[in-house]
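Trainee: Next up is a structure, given as structure tokens.
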Amino acid sequence: MEYTKDIILESNLTLRRNIEGFDFPASMSLEDSLKIVEIFRGIYGDKLVLLEDLDENTKESLIKSFVLTEDVDKKLAQIALVFDDDYILTINDRDHVAINIRNFNLDAKKAYKIAGEVEKTLDETLDFAFTPDLGYLCQDARNAGAGLEIFAKVFLFALVDDDKAYFGLKQSLIHEGIYISKFLPKYYKRFADDIYLIKNVGNYRKNLNEYIGTFEKNMDILVRNERRFRRDYMHLNHIRNEEIEDYINIMVNNIKGGFAKSLDLMAKNLYGLKKYRALGFDTDFSGQELDYLLYNLEKNKYKGNRNEERYLFLEEYIKER
């Protein structure tokens, strides 16, 4: 965990399945969604929890880690979850069931094995929608086949320092069946600085275990190279300590002085401080504080990029601090 700390921010491996005889969640009736919930309640009993019974922080955490979709509260279908020690099931969100293994970091093989074992157990009871030519059918056609979806949110401020490096990395990863894109969180007007989303590409592979190994290996290479480039960051970019200290002072003043009123500006300054803290500089705010503020300011409950309640939250936090 320490090895990937502040590089892999979130990760989730999912196996997606749908039950034969029901429409996908996007077009299914509320009545059918209730039937599917009851099917899973019959399997998991009291472990099944309805979405409406989750507290705000739990729901927000699941959205940030790609277990739930951002618009989950707006869906007609009854949505439920099952929490176990090693996995989380989401029911009727994007597919009838998604087997999620959160925070696998660099151990994608283990995550895939756990998800596969859960799927195998469910397959003994449920009849999953499957055809010989298309494989497992999913609401998102890109997931059809194996029904595998892998997400990782990564902080690569040293390795990817300009567009040339970004497009070079993008091209090299696509050859390995991995897609990287700049991360655009909800309500942002611009891409988040230095945050990237990594996803698997292709669900029609002869050997999925081999592909998972390739994905894991490339993630490990990314983390190792980011660590190396962070170590040599100042030398490679010809930056002196005094210059970084000036940047830090500007960002701290923006946050403390109330000059950052939009989500874009708040995040730009907070991620900037997170970056320099990772390089060993005193940023006034601790790493825990920066993560706490980013987590809360990016919450779905704040609508739009320039939300007064979001700004008041930050203002109140600074005042109490």
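Quick note: the coordinates plus some simple rules give every number you see, no bench work behind them. Being a predicted model, the structure only gives us computed values, none of them experimental. Backbone-built Cβ (ideal geometry, glycine too); neighbour counts: all protein chains shown.
Trainee: Could you work out the helix-only [θ] at 222 nm for the chain, with each DSSP H run of four or more residues adding -39,500 (n - 2.57) and the total divided by the number of residues, to the nearest 500 deg cm²/dmol? Provide the component values of the computation, followed by the final result.
Mentor: Values: 10 runs with 136 residues, N = 321.
It comes out at -13500 deg cm²/dmol, rounded to the nearest 500.
Trainee: At a 10 Å Cβ-Cβ cut-off, how would you order Glu38, Glu60, fewest neighbours first?
Mentor: Glu38, Glu60
Trainee: Now a separate question. Contour minus end-to-end for Ser61 and Ser172, with contour as 0.36 nm per residue of separation and end-to-end as the Cα-Cα distance? Don't skip to the end; give the middle numbers.
Mentor: Working: separation 111, 0.36 × 111 = 39.96 nm, distance 3.13 nm.
Going from the current span to full extension adds 36.8 nm.
Trainee: Another question about this same structure. Between Ile318 and Leu134, what is the spin-label point distance in nm, taking each point 7 Å from the Cα along the Cα→C-beta axis?
Mentor: Result for the modelled spin labels: 5.3 nm.
Trainee: Same structure, new question: Could you tell me how far the Cα centroid of segment 176-218 sits from the Cα centroid of segment 89-114, in Å?
Mentor: 15
Trainee: State the Cα centre-to-centre distance between segment 12-45 and segment 252-321 in whole Å.
Mentor: 39
Trainee: On to the next question. If you stretched the chain out fully between Lys303 and Thr69, how much longer would it get, using 0.36 nm times the residue separation minus the C-alpha to C-alpha distance? Can you show the working numbers first?
Mentor: Values: separation 234, 0.36 × 234 = 84.24 nm, distance 1.59 nm.
That works out to 82.7 nm of additional length.
Trainee: In square nanometres, what is the average projected area of the Cα convex hull of segment 81-122? Mind showing how you got there, number by number?
Mentor: Working: hull surface 12.1 nm².
Result: a mean projected hull area of 3.0 nm².
Trainee: Now a separate question. Pulled fully out, how much extra length does the chain show between Val201 and Arg231, if you take 0.36 nm times their separation in residues and subtract their Cα-Cα distance? Intermediate results must be reported in sequence, preceding the final value.
Mentor: Working: separation 30, 0.36 × 30 = 10.80 nm, distance 3.11 nm.
Gain in length upon complete extension: 7.7 nm.
Trainee: Hey, could you pull the Cα Rg and Dmax for segment 27-83, both in Å?
Mentor: Using the Cα atoms of segment 27-83, the pair Rg, Dmax is 11.6, 29 Å.
Trainee: Using a cut-off of 14 Å between beta-carbons, work out the net charge of the residues near Asp23 (Lys and Arg +1, Asp and Glu -1, Asp23 not included).
Mentor: On the way: positive: Lys35, Lys75, Arg94; negative: Glu20, Glu31, Asp32, Asp95.
Around Asp23, the charge tally is -1.
Trainee: Under 8 Å for C-alpha pairs, at least 6 residues apart: give me the relative contact order for the chain, rounded to a whole percent. Can you show the working numbers first?
Mentor: Numbers: 470 pairs, mean separation 57.4, N = 321.
Answer for the chain is 18 percent.
Trainee: Beyond 16 Å, what share of the Cα-Cα pairs of segment 73-184 is found? Please give it as a whole percent.
Mentor: Numbers: 4377 of 6216 pairs.
It works out to 70 percent of all Cα pairs.
Trainee: On a straight-distance basis, which aspartates and glutamates could pair with Lys113 in a cross-link, Cα separation under 18 angstrom, same-chain partners fewer than 8 positions away excluded?
Mentor: Those aspartates and glutamates meeting the cut-off are Asp84, Asp85, Asp86, Asp123, Glu124, Glu149, Glu210, Glu216.
Trainee: Is segment 177-291 rounded, prolate or oblate when judged by the Cα gyration tensor, a ≥ b ≥ c being the square roots of its eigenvalues, rounded requiring a/c under 1.5 and prolate requiring a/b larger than b/c? Spell out each step's value before the answer.
Mentor: On the way: a/c = 3.11, a/b = 1.71, b/c = 1.82.
It is oblate, given that a/c is not under 1.5 and a/b is not larger than b/c.
Trainee: Sticking with this one: Please get the size of the charge dipole for the chain, origin at its Cα centre, with Cβ charges of +1 on Lys and Arg and -1 on Asp and Glu, quoted in debye to the nearest 20. Please report the intermediate quantities before stating the final value.
Mentor: Details: 47 positive and 57 negative charges, 196 e Å.
Its charge dipole is roughly 940 debye.
Trainee: Considering the alpha-carbon set of segment 239-320 alone, what are its Rg and its Dmax in angstrom?
Mentor: Cα only, segment 239-320: 12.6, 40 Å (Rg, Dmax).
Trainee: A further question on this structure: Here are labelled values, [x] 37, 25, 15; [y] 44, 30, 14; [z] 28, 22, 19, and one is the computed semi-axes √(5λ) of the Cα gyration tensor in Å for what I pasted. Which one?
Mentor: Correct label, based on the coordinates given: [x].
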